[in-house]
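One structure is given here, and the rest of the page talks about it.
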Amino acid sequence: MSKVRFPYLGEEVSHEHPHSVIPAKVYSNNVLSSRFRIIRVEPIRNLMVPKPPQFFMVWVPGVDEIPLSVADYDGRTISFIYEVKGAGTNALSRLGPGSYLGLKGPLGKPLKVVEGSSTLLVVGGSGVAPTPYITKYLSSSGCSFEVVWGVKKRSELFNLGSLMSGVVYIHVATEDCSVGYCGLASELARELISKYKYDLVVGVGPKGMLKSLCEVTSGLDTYVVLETMVKCGVGLCGSCVLPGTEKLLCVDGPMFECGEVMGYLRS
């Protein structure tokens with residue numbers, strides 16, 4: 001097994017294992033909207049191919065290690081959509097092309113779908129982060145799918161369709177009623193589910209939205225991608241245990257069937 005010396009760590013790490021830290025060079029780091037940015041990096045060694053909605057622990061040298069969902073992977077570069085809301089992401093936003101960071105992953109379990117199935121993907125808030133990679137997987141699996149994208153206001157919107165693969169239509173819902181459907185993403189999803197047949201529903205977003213989605217999709221195969229504090233990413237520290245369950249987000253998730261996590265969603 002080959003080794004690589006990461007200059008910030010001062011120690012050798014094997015790049016083949018998902019728990020190793022792989023150095024990556026920043027290719028671009030751009031603004032998407034008033035709320036989100038996208039960073040694209042190129043690992044300097046091979047990494048295990050991620051599958052949605054898996055994530056990486058992204059190490060910003062000298063600052064913090066933060067969990068970020070994979071937004072895209074093209075075999076050479078990997079992209080992350082993120083929101084600046086803490087020291088780690090603030091430092092991440094200041095990294096320009098040519099800077100280095102560390103990647104540990106992919107972590108978590110992947111989504112598995114039946115080929116050719118019909119899927120409704122419901123996205124809200126920072127749940128937009130893994131959405132492009134999820135749609136890429138659905139498209140490659142021959143699935144037909146539609147996307148419901150909910151935001152609080154117009155300024156949070158960006159050209160999400162340009163980052164996605166195979167999407168037929170994006171239904172936009174805004175809480176301030178400035179664009180598209182006036183209301184919550186879960187409310188729009190309920191209306192669509194009452195009119196059309198879907199084999200699978202996948203929700204990615206804030207806890208309240210996912211709780212509502214699970215309630216309105218009772219009887220359908222519904223999965224939700226959760227967010228919580230993650231520190232180690234490998235199931236050792238217990239920081240990401242989901243209250244009301246015996247699940248750890250980093251090793252049992254981040255995607256769960258509604259029935260597995262309703263105790264957490266209702267807490």
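The values are calculated or read from the model by the stated rules, or taken from the named source; none is laboratory data. From a predicted model like this one, the values you see are computed outputs, not experimental measurements. Using ideal geometry, Cβ is built from the backbone for each residue, glycine included, and neighbour counts are taken over all protein chains shown. Ligands, DNA and RNA are excluded from the accessible area calculation, which covers all protein heavy atoms including side chains. Shrake-Rupley method; radii C 1.70, N 1.55, O 1.52, S 1.80 Å.
Taking the stretch 137-174 as the search range and keeping residues that are polar (S, T, N, Q) and open to solvent by 20 Å² or more (accessible area, probe 1.4 Å), which one is modelled with the lowest pLDDT? Result: Ser165.
Taking the stretch 95-134 as the range and being assigned to a strand (DSSP E or B) and under 15 Å from the mean Cα position of the chain (by Cα) as the test, the residues that pass are Gly105, Pro106, Leu107, Leu121, Val122, Val123, Gly124. Just one of (1) touching a Ser or Thr at 6+ places or on another chain (Cβ under 9 Å); (2) hydroxyl-bearing (Ser, Thr, Tyr); (3) farther than 30 Å from Gly105 by Cα fails for Ser239. It is (3). Look at Glu65 and say whether it is out of contact with any Leu (no Cβ under 9 Å at 6 or more places or on another chain) and surrounded by 17 or more Cβ atoms within 10 Å (Cβ to Cβ). Criteria met by Glu65. Close Cβ contacts (under 6 Å, 6 or more residues apart or on different chains) running from residues in the stretch 110-134 that are farther than 21 Å from Leu220 by Cβ and open to solvent by less than 10 Å² (accessible area, probe 1.4 Å) to residues that are modelled with pLDDT under 90 and aliphatic (A, V, I, L, M) comprise Pro132/Leu163; Pro132/Met164. As a summary of the residue check, Phe55 satisfies the conditions (1) free of Cβ contacts under 8 Å to residues at least 24 places away in the same chain; (2) open to solvent by less than 40 Å² (accessible area, probe 1.4 Å) except for the one numbered (1). Scanning the stretch 231-267 for residues that are at pLDDT 90 or above and among the aliphatic types (A, V, I, L, M) yields Val241, Leu242, Leu248, Leu249, Val251, Met255, Val261, Met262, Leu265.
Between a residue in the stretch 230-249 that is closer than 21 Å to Ser20 by Cβ and any residue that is small (Gly, Ala, Ser), which pairs come within a Cβ distance under 6 Å, given they are 6 or more apart or on different chains? From the stretch 230-249, the pairs are Lys231/Ser239; Leu248/Gly235.
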